[in-house]
Amino acid sequence: MDVPEELRYTSDHEWARTEEGRIRIGITDFAQDALGDVVFVELPAAGTAVEKGGPLGEVESTKSVSQIYAPVGGTVVEVNGDLAEAPEKLNEEPYGSGWLVVIDPSDASELDGLLDAAAYRASTE
Amino acid sequence: MTPPETETHPTGPLPGGRALSAPLLGREDEPTLFELSSPGRRASSLRTTGLPQWGADELVPASWLRTEPVPLPEVSERDLAAHFTRLSHRQYSVDLGAYPLGSCTMKYNPKVCDEAAARAGFANVHPASPPFLVQGWLQVLCELEEMLCEVTGMAAATLQPAAGAAGELTGLLLMRAYHAARGQDRRKVIIPDSAHGTNPASVTLGGYEVTTVGTNARGGVDLDSLRAALDEDVAGIMLTNPSTLGLFEEDISEIAAAVHEVGALLYYDGANLNAILGVVRPGDMGFDIVHLNLHKTFATPHGGGGPGSGPVAVSARLADYLPGPRPVRLEGGGFSWATPELSIGRLHSWHGNALVLLRAWIYLRLHGPDGLRRVAEIAVLNANWLRERLRGTYDLPYDRPVMHECVVSAASLERETGLRAIDVAKRLLELGFHSPTVYFPLIVEEALMIEPTETESPQTVAALADALVQVAAEARAAGDAASARQAPRTTPVRRVDEARAARRLVATYDQRP
């Protein structure tokens with residue numbers, strides 16, 4: 001299982017990466033493996049305000065439909081439109097081309113409350 | 001000294017409900033009706049009768065007429081019947097053999113119910129007939145409502161919902177009406193993490209938000225997690241008992257008390273009612289709303305798209321909100337229709353799937369109270385017997401006696417040999433059985449959810465257990481799952497690519513690559 005050291009994590013299996021004050025969000029390698037083949041991803045439109053821990057979207061696999069929760073609150077500024085045509089990217093590159101959204105955080109310090117790689121790895125064992 | 005003989009099972013013809021003798025001819029794709037079409041061919045040709053004939057343009061205004069003919073397939077009755085018969089020979093069905101699809105309760109449906117439902121006096125009645133012409137039908141519907149209330153321990157029922165999910169939506173709308181009448185606008189409905197996928201979907205459709213509660217170490221609802229989630233904003237909780245793990249909810253009295261204390265309602269998802277029929281009643285456990293799957297517990301047609309039937313029974317305080325019109329007994333005898341005063345309205349354009357309701361009425365009358373209890377007892381016995389036979393071969397999470405179904409896990413098998421639940425399911429098809437439900441409930445890794453039901457004989461349950469043990473033994477002997485990954489090799493359609501089917505949907509035959 002791949003858990004990159006430089007990312008922060010939630011216990012609900014989302015990852016967050018700081019990029020010039022904004023935060024890119026996806027689901028972890030563990031999550032994509034547990035979900036199985038992802039067939040549909042529902043994401044909010046750019047401009048949507050989200051709360052920390054609030055619903056961010058849904059990932060549908062051949063097994064189930066799962067909610068994604070926002071690791072931090074703020075405004076969605078970018079959405080991965082490629083996933084509409086190629087949801088398999090979520091399985092192939094969960095930390096790369098399978099990212100979900102970029103959020104402009106209302107309080108960047110919320111990131112500090114998230115798990116680091118070691119703590120997330122421990123939570124999945 | 002010779003080693004002790006291991007238990008062996010004959011591989012020849014077994015009396016169990018295996019479908020290995022099914023006539024599955026050939027491997028070619030069945031052409032679509034469009035591909036069978038031949039220009040000008042008709043299903044029937046009318047003889048010249050000497051009656052005057054009109055053209056469509058004489059009867060229909062020109063602006064309403066098509067200029068191009070509809071591209072319908074042109075086939076003879078003979079071609080059509082052969083096409084569907086060939087397709088039907090490629091289906092696995094309850095009438096063909098054991099169908100242990102957990103949670104779905106794929107029981108055998110007694111043919112006597114079909115026979116009665118096919119009688120013209122029932123089948124050829126228009127639903128708009130005035131009550132005085134359909135007193136027999138109204139009596140059936142009234143009595144069915146009463147029997148379902150007796151079985152569930154509730155006060156009143158509606159027969160309108162057309163299936164389980166429609167019943168769930170009905171229940172949630174009743175919940176909303178109940179709270180609204182008290183001037184309350186509650187927003188949340190609680191669902192355990194082991195619940196059926198339809199529950200959260202119905203909650204959303206009903207305009208509520210889902211709050212999930214966890215499962216404790218014994219497979220029941222985690223009471224601390226539930227108490228933490230309960231507040232004045234909770235409209236109700238949706239539960240099945242037994243749960244989707246096939247386990248009886250031991251804390252149901254505490255759960256009911258805690259939920260009622262905040263003014264919320266308890267909804268019973270009737271998917272698993274088969275296990276408790278005639279033994280314990282949802283109403284006595286404290287539930288306020290119950291939906292029943294007549295196509296599960298009451299052995300009406302199921303699979304292949306139904307039609308299903310999902311009546312909803314409620315406690316007295318919710319009776320005034322039920323959908324209408326309901327069949328009612330008139331003072332002084334006879335029957336009619338009446339709509340409850342605060343009815344949430346119609347849930348079906350007519351009176352529900354009436355011929356399915358009739359089958360359930362017959363099923364209930366055939367069994368009687370003692371027979372229904374026997375149904376539950378044998379269903380539970382079969383599931384527990386099967387589970388014990390699988391001990392040591394598959395993992396048994398939440399290891400305690402089950403109700404009508406057992407959830408086992410292929411997690412250890414996967415670690416040892418790479419054999420996954422999906423491979424077990426596919427290999428089982430080659431051994432003549434329909435697969436159990438796999439990967440559900442979601443909280444069990446590599447889950448196989450097996451529901452033998454009471455309609456399978458001990459010989460069939462034994463043959464099914466042998467097949468499940470055989471699949472695991474083959475992988476363990478080989479040290480890998482390579483062979484099972486190739487399964488099914490003997491079915492008309494082999495392993496399908498589920499992910500590709502969902503990602504690249506081809507909805508019509510002419511879009512096939």
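The values are calculated or read from the model by the stated rules, or taken from the named source; none is laboratory data. As the structure is a prediction and not an experimental result, all values here were calculated from the model. Quick reminder, even Gly has a Cβ in these numbers, built from the backbone with ideal geometry, and neighbours come from all protein chains shown. These area figures cover heavy atoms from the full protein model, side chains too; ligands, DNA and RNA do not enter into them. Shrake-Rupley method; radii C 1.70, N 1.55, O 1.52, S 1.80 Å.
Annotation note: trypsin sites (Lys or Arg not before Pro) in region B:13-110 located in DSSP loop regions with a Cβ neighbour count of at most 16 within 10 Å are B:27, B:41, B:42, B:47, B:66, B:90. Along its principal axes, region B:109-196 has C-alpha extents of 47, 33, 23 angstrom, given from the largest down. When we measure straight from the Cα of residue B:296, which lysines land under 16 angstrom away, once same-chain ones fewer than 8 places off are left out? Once the sequence-local lysines are set aside, what remains near residue B:296 is B:107, B:111. Spacing of the modelled spin labels on residue B:58 and residue B:346, each 7 Å from Cα toward Cβ, amounts to 3.7 nm.
Heavy-atom accessible area buried between chains A and B is around 700 Å² (1.4 Å probe, both sides summed). Using the alpha-carbon centroid of each, what span in Å lies between region A:1-56 and region B:375-394? Taking the Cα centre of each part, region A:1-56 and region B:375-394 sit 41 Å apart.
Our summary gives region B:298-389 a relative contact order of 27 percent, counting only alpha carbon pairs under 8 angstrom and 6 or more residues apart. Only Cα pairs under 8 Å and 6+ residues apart enter the sum, and on that basis the relative contact order of region B:57-197 stands at 7 percent.
The protein assembly as shown has equivalent-ellipsoid semi-axes of 41, 34, 32 Å, by the square roots of 5 times the alpha carbon gyration tensor eigenvalues, sorted largest first.
Arrange the residues B:343, B:409 by how much accessible surface each exposes, largest first, with a 1.4 angstrom probe.
B:343, B:409
Between residue B:70 and residue B:388, full extension at 0.36 nm per residue minus the direct alpha carbon distance yields a gain of 108.6 nm. Contact order for chain B, expressed relative to its length and based on alpha carbon pairs under 8 Å spaced 6+ residues apart, stands at 19 percent. Within the straight-line cut-off of under 21 Å between alpha carbons, the lysines reachable from residue A:89 are A:63, sequence neighbours fewer than 8 places apart in one chain being disregarded.
Taking label points 7 Å from Cα along the Cα-to-Cβ direction, residue B:496 and residue B:114 give a separation of 2.4 nm.
Within the protein assembly as shown, DSSP assigns beta bridges of which about 75% are antiparallel (rounded to the nearest 5). Think of each Lys and Arg Cβ as +1 and each Asp and Glu Cβ as -1; about the Cα centre, that makes the dipole of chain B roughly 1260 debye.
Here region A:82-123 and region B:244-296 have alpha carbon centers that stand 39 Å from each other. How big is D for chain B, in µm² s⁻¹ as a whole number, if Stokes-Einstein is applied with the Kirkwood radius of its Cα pairs at 20 °C and 1.002 mPa s? Result for D is 84 µm²/s. When DSSP beta bridges are restricted to pairs lying wholly in region B:345-460, around 90% turn out antiparallel.
Full extension of the chain between residue B:184 and residue B:85 gives 30.1 nm of extra length, using 0.36 nm per residue less the Cα-Cα distance.
When the surface is traced with a 1.4 Å probe over the full set of protein chains, residue B:104 keeps roughly 40 Å² accessible.
Scaled against 2.2 N^0.38 Å for its residue count N, the alpha carbon radius of gyration of region B:267-381 is 1.14. Taking chymotrypsin sites (Phe, Trp or Tyr not before Pro) across region B:310-402, the ones in a DSSP loop with at most 16 further Cβ atoms lying within 10 angstrom of their Cβ are B:350. Only Lys, Arg, Asp and Glu carry charge here, each on its Cβ (+1 for the first two, -1 for the last two); on that basis chain A has a dipole of about 220 debye about its Cα centre. The calculated Kirkwood hydrodynamic radius for region B:92-159 is 14.9 Å, given to one decimal from all distinct C-alpha pairs.
Net length available on complete extension from residue B:316 to residue B:93 is 76.3 nm, with 0.36 nm assigned per residue and the Cα-Cα distance removed.
In region A:15-56, comparing the full protein assembly with the chain on its own, the residues that lose 20 Å² or more of accessible surface at a 1.4 Å probe are A:37, A:39. By its C-alpha gyration tensor, with a ≥ b ≥ c as the square roots of the eigenvalues, how is region B:368-500 shaped: rounded for a/c under 1.5, else prolate for a/b larger than b/c, else oblate? Verdict is prolate for region B:368-500. Residue B:108 exposes around 90 Å² of accessible area when a 1.4 Å probe is run over every protein chain in place.
Counting other C-beta atoms within 10 Å, and keeping those with at most 11, which DSSP coil GluC sites (Glu not before Pro) do you find in region A:2-56? Sparse-neighbourhood loop GluC sites (Glu not before Pro): A:5, A:6, A:20. Taking each residue of B:499-505 in turn, how many C-beta atoms of other protein chains fall within 10 Å of its C-beta, and what is the average? Mean shielding by partner chains, rounded to a whole number: 5. Counting Cβ atoms of other protein chains within 10 Å of each Cβ in A:82-89 and taking the mean gives 1. Each part reduced to its alpha carbon centroid, region B:481-513 and region B:325-353 end up 47 Å apart. Between residue B:193 and residue A:12, the simple label model (points 7 Å from Cα in the Cβ direction) yields a spacing of 1.3 nm.
Rolled with a 1.4 Å probe across the full set of protein chains, the surface gives residue B:60 an accessible area near 50 Å². Dividing the helix sum by the residues of the protein assembly as shown, where each DSSP H run of 4 or more adds -39500 (n - 2.57), gives a mean residue ellipticity at 222 nm of -9500 deg cm²/dmol.
If the only charges are +1 at each Lys and Arg Cβ and -1 at each Asp and Glu Cβ, what is the size of the charge dipole of region B:245-298 around the Cα centre, to the nearest 20 debye?
Computed about the Cα centre, the dipole is about 340 debye.
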